[in-house]
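This report refers to the structure that appears directly beneath it.
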Amino acid sequence: MANEAAWDRFAQQDAEFYILTDAGVDYSTAEGQRHFYESGEKFVAHSMKVAEPHLSSHQRALEIGPGIGRLTLPHARIFDRISVVDVSPTMLS
């Protein structure tokens, strides 16, 4: 239960920083938000190049610990259905 409480606290304080800790990025700005989500797009593009040969379809994906959707959003454009599980209700909301 300690982890759940910690992640809820992180989500309330500064979710983006605790998900993607890039020094010097102010996630409260439009530029910081753009950096946050673009980094997710780049990560998913790279990981899909690696994973693609091992996938039989794009029907379903499961993301554990999606936080506020940095990777979920780009995955949702690739897969027909994506399910997420997170210990922090605050992150999910």
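The values are calculated or read from the model by the stated rules, or taken from the named source; none is laboratory data. Treat the numbers as computed from the prediction; the structure is a model and nothing was measured. We place every Cβ from the backbone using ideal geometry, glycine too, and count neighbours over all the protein chains shown. Note: areas computed on protein heavy atoms with side chains; ligands, DNA, RNA excluded. Shrake-Rupley method; radii C 1.70, N 1.55, O 1.52, S 1.80 Å.
Structure notes:
- The chain - mean residue ellipticity at 222 nm from DSSP helices (-39,500 (n - 2.57) per run, n ≥ 4, rounded to 500): -16500 deg cm²/dmol
- Inter-part distance where the range 56-93 and the range 1-26 are each reduced to a Cα centre, Å: 18
- Along the range 74-84 the Karplus relation, 6.51 cos²θ - 1.76 cosθ + 1.60 evaluated at θ = phi - 60°, assigns HN-Hα couplings of x, 5, 5, 7, 9, 9, 5, 8, 10, 10, 10 Hz to successive residues, with x for each Gly and Pro.
- Dipole magnitude (debye, nearest 20) for the chain, charges at Cβ of Lys, Arg, Asp, Glu: 340
- Maximal additional length on extending the Leu92-Leu73 stretch stands at 5.6 nm, based on 0.36 nm per residue less the C-alpha distance.
- Each residue was assigned an accessible area with a 1.4 Å probe, and for Thr21 the value is about 90 Å².
- Using distinct alpha-carbon pairs, which all enter the 1/r mean, Kirkwood radius of the chain in Å: 14.2
- Extreme residue, positive dipole direction of the chain, given options His54, His75, Val25 (C-beta unit charges): His54
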